[in-house]
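Since the structure comes first, as structure tokens, the remarks are kept for the end.
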Amino acid sequence: MSLLNIAAVIAKLRKKLKRALLARLLKGNNVACNVCGSTYSSFFPYLNRANAQCPNCGSLERTRLLYYFIQDKGLISASARLLHIAPEQCLYNVFKKQLQTNYLPADKFEAGYSYPPDTLNVDITTLPFEDASLDIVIAIHVLEHVQDDAKALSEIYRVLKTGGSAILQVPYQADREHTYEDVSITTPEARKQYYGQSDHVRIYGRDYIQRFLAAGFSMEYAGYEAALPEQIKERCVFKKEEIFLLRK
Ligand SMILES: [Zn+2]
């Protein structure tokens, strides 16, 4: 093992230990993580948000809501083939355990980043899967990083079986009617200035839904989060967010 590897292992252990100690301090039963089943007096803060991250599995408000939705709607059967692009570690853990080799975590590899074991290096605009070979595709906050999002959507549509589903949440500005994008904005600095993040390639407006429909998808279950009982939302601390379930 190289010195670099040893340093990485030590850093990982320290992080794990710190997490375990903090988790002990937050022992309690006020909040519950529906992804890993742990309960605490409160979740960890995350960025500027108090009570956000599960000390055990690292789930955030959005991931907990999505996982609740997926389970509630019975989207993943025991034999489902699931493509999960840019996999969140906490969801990776549960999907891998549930689906084993039918779970396909994938990402576009970049230098300096590490990926969970068995993650496939794929480009979302040229998916290496046969037509109609997958039951469900999940890609959360991915398309705003993809220059040709129409090609990505057509690829996801192609690889899904008829009746298959996709959850492709993107950040969008509710007060913006039309998506803003300009192919001449290419540097990280300019992207940060115009799109608010150095690796985003557009700001979606309310018309982003049209892009999904143009790819051939139909859409179901608008208003899901708003209709959930307050008790569940407060206990699991869900993000207030529309979930759009796309169907082929
Ligand atoms: Zn958890």
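The values are calculated or read from the model by the stated rules, or taken from the named source; none is laboratory data. What you are looking at is a predicted structure, and each value in this text was computed from that prediction instead of being measured. Every residue, glycine as well, gets a Cβ built from its backbone with ideal geometry; the counts of neighbours run over all protein chains shown.
Some notes on this structure:
- Residues that are farther than 23 Å from ASP199 by Cα and assigned to a strand (DSSP E or B) within segment 84-125 comprise TYR103, LEU104, listed in sequence order.
- When the criteria are applied in full, PRO128 fails the requirement of being assigned to a strand (DSSP E or B) and of a type outside the set (Gly, Ala, Ser).
- Qualifying positions in segment 141-169 - outside any strand (DSSP E or B) and touching a strand residue (DSSP E or B) at 6+ places or on another chain (Cβ under 7 Å): VAL142, GLU144, ILE156, VAL159, LEU168
- With respect to the conditions (1) within 29 Å of GLU241 (Cβ to Cβ); (2) more than 16 Å from the ligand (Cβ to nearest atom), PHE43 lacks only one, and its number is (2).
- A single entry from TYR40, TYR46 fulfils the requirement of being surrounded by 15 or more Cβ atoms within 10 Å (Cβ to Cβ) and touching a strand residue (DSSP E or B) at 6+ places or on another chain (Cβ under 8 Å): TYR40.
- Restricting attention to segment 186-220, the residues that are in contact (Cβ under 8 Å) with a residue 60 or more places away in the chain and in contact with a strand residue (DSSP E or B) (Cβ under 9 Å, 6 or more places away or on another chain) add up to 4.
- Of the residues examined, LEU66 is not one that is at pLDDT 95 or above and more than 14 Å from the ligand (Cβ to nearest atom).
- Residue in segment 14-30 that is of a type in the set (D, E, K, R) and within 12 Å of the ligand (Cβ to nearest atom) present: yes
- Any hit, segment 182-200, residues being more than 24 Å from CYS54 (Cα to Cα), crowded, with 17+ Cβ neighbours inside 10 Å and at pLDDT 90 or above: no
- Count of segment 139-181 residues, restricted to those that are without any contact (Cβ under 8 Å) to a residue 40 or more places away in the chain, among the charged types (D, E, K, R) and crowded, with 20+ Cβ neighbours inside 10 Å, is 1.
- Criterion: touching a Phe, Trp or Tyr at 6+ places or on another chain (Cβ under 9 Å), assigned to a helix (DSSP H, G or I) and either of a type outside the set (Val, Ile, Thr) or buried (at least 18 other Cβ atoms within 10 Å of the Cβ) (or both) - qualifying residue of ARG14, ARG64: ARG64
- Which numbered condition GLN53 fails, given (1) crowded, with 20+ Cβ neighbours inside 10 Å; (2) within 15 Å of the ligand (Cβ to nearest atom); (3) touching a residue at least 60 places away in the same chain (Cβ under 8 Å); (4) over 13 Å from the mean Cα position of the chain (by Cα): (3)
- Test result for SER79, more than 15 Å from the ligand (Cβ to nearest atom) and more than 18 Å from the chain's Cα centre (by Cα): yes
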